[in-house]
Structure formats: structure tokens, C-alpha cells
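Down below is the structure, laid out as C-alpha cells.
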Amino acid sequence: MMNHRDTAYAQRGACGGASWSAGFAREVKASATFAFATCALVGMLLMGALTCALAPASACADELGTANAAQNASANGTVQGSADAAGVPAEEQAGDVEGVSAAEAVSSDAETPGATSVDASEGNYVDPAQTADNSFIYDTSIASLAQEASFHDGRVVQILGEVVGDRISTDAPGHYWITVEAEESNDSSSISVLVSESQAEKIDTYGRYGVVGTRVQVRGVYHQACDEHDGLADIHATSLEVSHPGVEMPDQFVLREFLPGIVLVAVGIALVVLFRIVRERTR
Amino acid sequence: MGLAWIVLALFASIPLFLSGHYADYLDALFEAVSGLTTTGASVVQDLDHLSYADNMWRFVMHAIGGLGIIVVGVSLGLFGRGGGKGLFSSEGRSEHVVPNVVNTTRFISRVAITFVAISTIVVGLLALNAGMHFDRALLHSLWVSVSAFMTAGFTPMSQSIMYYHSYAIEMVLLLVIFMGVISFSLHAVIMRGEVSELFHDTEFKFTLLWLFCIVAVFAASAAGGEALSDMPALLRRSSFMVISAFSTTGFMVVTPTQLTDMMTSGAFLIIAILMAIGGLSGSTAGGIKVHRIAMIAKSIIMMVKEANAPDSARVVVSYYHLGRRPVSEAIVREATTVVSLYVITFIVGALIAIAHGYEASQAIFDSISMASNGGLTSGVVAPGMPLTLKLFFILEMWAGRLEFLTLMALIAQVIATIVPDRIADMINKDRKRRA
């Protein structure tokens, strides 16, 4: 049953062409007001909660002191010879090196090559940016980062994966976001990686349909909720190496594969026409 | 009409299955139902390598489902002159924006196309500025704009909205989501210049009150957590998730691991409650709808007034929606029934997930997400879900889209055709008792 309001609609109409743009402008204004009011409300409430709450400041845990190095020495994970942020390949230790104490392992204070007892060969440089806590690089998978996020938080990790999507600019000049996807066929997990321009230039192909992107080995600090990037789960890459270049696999046009779709479209059109004929006849 | 949704999904899943990105046909069917019901929960494998055609199809399903099959059909003239009248209300749309159904459907289509087009241009420019290639920027902006306005939830990349690393894009999408959450009848009213109608509307005022209360509780809970509790993370990530849940969109700016492990249990539960209640009626949002909660609240007020009033007094409680209307017994009964059905479905879905070994909090969260067509997932909805759970979640999404009563009427009709004699006996007995 129409009330007086419905009658008014019928008289005025809701879709007058000349007033469409004016109506749309009012629409945007009202919606923006609603959105702004709600966002302001949310913001005020969050600020109020923060001033009252005792939220501890969360920090990227990659700057702990050397006191923890001995504890970390017994952690699982293959120990690479020494990290090398400059891209010089590090010599790999043969087998696991579990139980090696921090004093014997790579020391953050050792800035000269071969200064440790673990590996005295030339070219095994120590990354001075690595503190003792990060002397172990956790060779892991992208899925493990998600499953054991708190364990890996703030640690130097090494992952292998395919670069997909696009290179996204950041506010910081000379840095970009890339997305690295797991290589395993049954694992579609991915992670955002912050890379420098020089690192990004090593990527020749970004994965998408018909294209396998450049496969890279990324080493960097993992954050389960990065403070610099408003809580994003990311890796700040310290090194990026290409393991396999990208490959294009163009599709080949096979008419036979289109036949089921063509048949279904024809059936659909026929049904619509039939429906209209039957409907008109029953009027 | 209710059956048309599942039949359409059966056909819509064919191109998805043929893409090779789904473990089996049932996964493709789940995706199709999720797309058509604008739930947005995805079980696709290797989404980042999905073809443009398959991705476009996913978002076309969102557009069809969000607007409604009948709206799309009538707008395209598929039903002929004056077609679709009887079917319009059977897909969960009980309100005519204008008295004429055909004009209503055309209005809804025009509003949707206009907002999606503007959003596509703005988001596309932002994506180009961020360094995306032109074709990808254009397509991604179109797809996320459709998903935002339909409050659906599919995204073209596996990282959801986090992929774009852009606060500006998130803000634009939030604005589009708000436009999708407002009912189309209110859109019509605003476009006629009666902006004050929006702020007089009982459901709208109740929504603001509801958001005020729930966000206060959410902020207090989230701020006490160990992570995602500093101001930038709260303002950007947590507030986006609150609005994504309230509108039942399903866009994620946190990973499922962050949602379950790093947010406090209180914040996690509040997001589930936001999805359960949902948005405004007559919009693209899902959930129980704020209107029904408002009617139940009004009925409580009426009962309290009746208790305090003399027996001879006639108590009338009204609400405002495009005019002052009384809260009738039928409205309250419908609201209470639908809320009860939703809650029962949440519980049953959660119990089935728990029976399959999932954690209780995650099971409840995902069950609510499916029935309310929210789309946020804590990890239960994923490729390789158990078969029975997948089937029940498909049923939940379907029931949620039709807001239960239509589906139950359909089930009753099916039963009646199977056992007509028994039903006829029941109807005859009922008639005799009433006589």
C-alpha cells in the first residue's frame, strides 16, 4: 500500500536526467560526510583508548644485545658461513652446525675476514650491520613465516620464491615493494618484501598469467607487524639474488577448448528467447 | 527464484573449474557461490597467476550477485516488458526504491555503474602513480571498485588490499564501501535533495549508535594487545578491518595469522560480531541487518511502555524510514525469526567446523563470515577444506544471501512436491482446527 511518501516518488520521479548530476553530487557529499564522520569517530575512539590503555610499545626485535647470542646459537636452522649484505657469496658450512656457541660463531665485532674460528678462509666477510642476535640466518619458507610468525619476528630469514605482480613505489625514494610467492605447487602463500632500487633491477620478469616470474633468494629481517609500515607483515631485504630468470609461457589458441563455452552461450540465448516467447503468449 | 541462485552457481563454476586453479569442481562451486552471494571468501589456488578472463568472471559474479539476478535481468530486458515483478522481492529485496520495479532496477544499476566508474578512475590513477602497468592498473581498479561497492570481497591478488601498499587507495575504497552500505532507497532520497532523510532514518541512526559502541569496545580491546596496538597500525589496519567487517565486504589489510594470533581475542570476537550484524537493509551489505536489531530494540521499548501504561492505553512505537511508520507485530516477528535463524546457522556451522578439528574461535568466526556473507577468514576457509564443511558453508552463504525466509519457503515447496499427500493432510487438519 502506497503512503504519501510513495505518491511523492511517483510524482517527482527518482531518475530525472537533468538532475542526475546534481543528485550525484549530493550523493557524494552525503556519503563523504557519513564516511568522514565515521572515520573521525573511529579515530577519536582509538586515540581515547590509547591514552587510557597501557599498550607497550612494540619494536622490531633486531637490535638485541650480544647477551642473547649464546641462547640463539642452539636454535634450529642451517647456519650459513656469514651474512654478506654486499652480495659477495658466503661459503656455506657443510652440514648442520647446531650447538656452536656464540663465541665460535660469527661475531658482530669481527670486522676483518677470517677473524672467527668457524671459517678463516678469505672472502668470508662478516656483515657489520648484523648484531650477534642475528648471526643466524633462518633458511625457511614463506608458509613457515606465516605459521611461526612470532618465532621469526625480528630475525634474519632467507626465503626462496617467485616475484609476482608489480613493483610498487613507496614513500621512501629508491625503495619498492615486491611480492614474493612460494615456489611449491601446493603453497600459494606470499609475502611483501621491501627492496632497494638496485635489488629491484635484478628482477627481469614479474609473474602473472602465462609468465613465471624471476625466482629470487631474498635475505632480510622479517617483521610480523612492522612498526615502520603500520603493522604490515614484511621482510626488509638486505640482499636479493636471482636463482632463475623469468620465463614466458604464452597460451596457444585451441578452438576446441572454446566449444563448450560457445555451446553454453547458444543454449543460454535460446532459453532467453524461448522464455520471452512463452511469456508474451501467456499475456 | 531461490533455486536460480544455486543453478546459476553450478553454471558459473564451470569456467572457474576449467581454469585449473581449483582442486576440484566443488572448490570451483564454492568460489562461484561465494562470488554470487558477495561473500568474497576464496579457495582459489595460485590467484596471482590467474588469467584476466577468469578474474573478470569472478568480479562479474560479484556484480550480478550484489545487484541481484533480477535487477541485472530486468535492466537488460531479459524478462520482457514488465517482467520480474514477482521475482524482485524473492531475492531478498523487499523494498521498492520507486513504485515501479523496472525503474527501481534501472536506478540501482545506474547508481552502481556511476560509483564504480568514478572509483575505477580514481583508484586507477593512484595505481598508475604507484608504478603499476596501465592494463593492470585499469583492471585492478575496476575489479576492486566493483568488489568494494558490492561489499563483496574478492581481490585480484592473494594479498588482498595489502598488495597495493597505498593508504590513499584504502581510503578511496572505504568511501566506496560506505556508498555500498547505504540502502538504495536512501540513495534515491539523497539524489532528490532530501539529505536530511538520511539522518532521520531510524536504521541509519541506530547504525551510528551501534558503531560508536562497538568501536569503543574494539579500540579498548585492540589497544591492549602486544602487536597492532600502536596508533598507526590501529588507525590504518584495525579501523579498516572494522569497517570491512561491518559492511561485510571482506577486504583484508592484515593476514589471517595476524587476525588470529596478534589481535586480542576480544578484538577478534568483535570483528565476528560486526560481520554477524552486518550493514543496512536494502543495500549490498549482508548480515542480520541493523534494521532487524533496531526493530527488536523498538519492540523491547514497546513492551516496557506497555508494562508501565494502563491496560486501556494503546501503546504505539514508531520508526522512521522514508516516513514515520508504526512498529507492527509482523515486523517484530519477522525480525526475531530471521535473527534466530541466523544464530542457529552460526552455531551449527561452527559445530561442524569444530567436529572437523578446527579451533573453536576460528570455527565460530568463519561460520559467521559465511552466513553473513562477510568473507573474512581466519584460516578455516582454504583450499582443501573438508567436503562436508565445504557443502555446509555453501548452504550458509546461499541462505544468508536470501536472508533465510526465501530459502525456507523454497525448501517447503520442494518437500511439498515430494510428499504432497502428507502436506495436504497437514493443511486440511490446520483448516479444520481454525474453522
Quick calc: nm separation of the 7 Å Cα→Cβ label points for A:Asp251 and A:Glu280 -> 3.7 nm
Cα-projected label distance for B:Leu128 with B:Met426, points at 7 Å along beta-carbon direction, nm: 6.1 nm
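Looking at region B:187-341, I'd like the Rg to Rh ratio, where Rg is from alpha-carbon atoms and Rh is Kirkwood's inverse mean 1/r. Please report the intermediate quantities before stating the final value.
Details: Rg = 18.5 Å, Rh = 17.4 Å.
Ratio of gyration radius to Kirkwood radius for region B:187-341: 1.06.
Just the number, please: Stokes-Einstein D of region B:325-435 in µm²/s, Kirkwood Rh from C-alpha pairs, 37 °C, 0.692 mPa s.
Answer from the Stokes-Einstein relation: 204 µm²/s.
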With a point put 7 Å past each Cα toward its Cβ, work out how far A:Ser21 is from B:Ala409 in nm, to one decimal. 4.3 nm
The correct pair for region A:158-283, radius of gyration to one decimal and Dmax as a whole number, both in Å and from Cα atoms, is 23.3, 74
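Considering the convex hull of the alpha carbon atoms of region B:287-352, report its projected area averaged over all viewing directions, in nm², one decimal.
5.5 nm²
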What's the ranking of B:343-353, B:175-185 by average number of surrounding C-beta atoms within 10 Å, highest first? B:175-185, B:343-353
Restricting attention to the alpha-carbon atoms of region B:183-272, what are Rg (one decimal) and Dmax (integer), both in Å? 15.8, 49
How many percent of the accessible area of region B:234-280 is carbon or sulfur, using a 1.4 Å probe? 68 percent
Within 10 Å of each Cβ in A:226-238, the average number of Cβ atoms from other chains: 4
By the mean-Cβ-within-10 Å protection proxy, highest first, B:110-117, B:220-227 rank as B:220-227, B:110-117
Would you kindly work out the equivalent ellipsoid of chain B from its C-alpha gyration tensor and give its semi-axes, the square roots of five times the eigenvalues, largest first in whole Å? 33, 27, 24
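The values are calculated or read from the model by the stated rules, or taken from the named source; none is laboratory data. Keep in mind it's a predicted model, so treat the numbers as computed, not measured. Cβ atoms come from the backbone with ideal geometry, glycine included; neighbour counts cover every protein chain shown. In case anyone asks, the SASA skips ligands and DNA or RNA and just uses the protein heavy atoms, side chains included. Shrake-Rupley method; radii C 1.70, N 1.55, O 1.52, S 1.80 Å.
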